[in-house]
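One structure is given here, and the rest of the page talks about it.
What follows draws every value from the coordinates through simple rules; no lab data is involved. None of these values were measured; they are calculated from a predicted model. Every residue, glycine among them, receives a Cβ derived from its backbone with ideal geometry; neighbour counts consider all protein chains shown.
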């Protein structure tokens, strides 16, 4: 028995102790497993794991559209290069023709009237400066701007300067309204807008070897976008700070019942989001004045003299646009009271209330009073409608006369100045006068606010592309020469051949601009999608 017990103990101890060979084999197997895992991880990284660059590439749904857009951009750049180096041309100064300038503007005016479209607003709401009307405005100004360049219409220099400032005004106005409404300060928004404004002009400048100063509106729009962004962002940050302060004050009052901290800032200066935006705009005004009205503005000379001049010519355009966006709700409310249909709806509601009250009267009272009440109600309704129509008619003509008076005032005092070097210094302070006059006339009735020209709206959507391509395709040699593609359309050619030449070049130019916009927007959308994927990694 003892021997057997010893044998069992020895066998158990031997069975518990693993052999040395098995340990070495285990280590070898673990090493091989780790190598396989590292190899698999590297393979995943190369082939497109979820957190790798390859994975982002496969998740990027717009990658094929992006590649296709870049191929089309190359073709457009080649066509622009061909137009800019076209061998047949003559100096643009020899194409001065004021009568043709007015003729072409009259043509687009007729086209605008013929293609006028009316879209009735819902529930009698009056929309001040709708999207369609904005694009129409841009398209009309762009047409005049291009014809001004083509026919060297020197006498309308001051008016064209107002048009350029109106473009920059829209940048501050539209972007401030967007940021104030949506609060979208994301990197996607910044990258997308930068690409939309700068991508194609920068490529054009690089390929054709022309300074970006030639497209001076591009840096103006870019700066305007970021000025509007930071102004609205400051207002949003102040509003959030105000909310935090109010919460802390409520907690402090509940616990200690003491006086509120920072009572002036929280209760007097920053009472609502409106006050926060007002403070942000005041800060923006101070920065503008300190930059443009002091020698600090000369730092723009380090970029170029052209940029220095252009930024000073529109130094307050973006700021006035932001201020306009800040008060836009008030302007819209005034227009709604003048031209809206709320009063009629209220009268109908009052009549319905009276009918409901009559249902509560005894039947004999209703029969005796029904005829007299119906007559008096009808008479009252007609009287009120007549008063409303008379008030609206009066408001329409006061608004139109006031707008015409503003335009006439600007022209008499400033627009008639023949020397542009005398006009340029005062332009940044007074350009808004004729612009406000135009907006008053254009929105002087509910019907006019609901109408817009489809042809000008279409042209307004490609203004950036028509602006940069006019220098190389509609005209040539960086806008210094007139392109000639038809025989007999040179500087000494007859008016018929020169006009046909202009129309042919203009058709190709507009179609190329539309194509360039399409691929630029495709690039903008696909790159924005890529930025979103990279941000969410």
| note | Given 135-146, 197-208, the highest-first ranking by average Cβ count within 10 Å works out to 135-146, 197-208
| For the range 393-493, rounded, prolate or oblate, judged on the Cα gyration tensor with a ≥ b ≥ c (square roots of eigenvalues), a/c < 1.5 rounded, else prolate if a/b > b/c? | oblate
| What is the extension gain from residue 536 to residue 518, computed as 0.36 nm multiplied by their sequence separation minus the C-alpha to C-alpha distance, in nm to one decimal? | 3.7 nm
| query | For the range 454-537, what is the relative contact order in percent, using Cα pairs closer than 8 Å and at least 6 residues apart in sequence? | reply | 27
| said: Let me make sure I get this right: for the range 412-461, a, b and c are the square roots of the gyration tensor eigenvalues over alpha carbons, sorted descending. Under 1.5 in a/c it's rounded, otherwise prolate if a/b > b/c, else oblate. Which is it? | reply: prolate
| said: Please rank 430, 125, fewest neighbouring Cβ atoms within 10 Å first, as an exposure proxy. | reply: 125, 430
| How big is the range 435-537 on each of its three principal axes, counting only the C-alpha atoms and giving the largest first in Å? | 62, 46, 21
| said: So, R0 is 22 Å and r is the distance between the beta-carbons of residue 199 and residue 287; what FRET efficiency does that work out to, to 0.05? | reply: 0.20
| said: Based on the alpha-carbon set only, what is the convex hull volume of the range 120-239 divided per residue, in Å³? | reply: 155
| remark: Applying the gyration tensor rule to the Cα atoms of the range 92-186 (axes a ≥ b ≥ c; rounded if a/c under 1.5, else prolate if a/b exceeds b/c, else oblate), the class is oblate
| By counting other Cβ atoms within 10 Å of each Cβ, how are 302, 497 ranked from fewest to most? | 302, 497
| Potential lengthening between residue 422 and residue 388 on full extension [0.36 nm per residue; Cα-Cα distance subtracted] | 7.5 nm
| remark: If 164, 113 are placed from fewest to most neighbouring beta carbons inside 10 Å, the sequence is 113, 164
| Over the range 51-97, volume per residue of the alpha carbon convex hull, in Å³ | 127
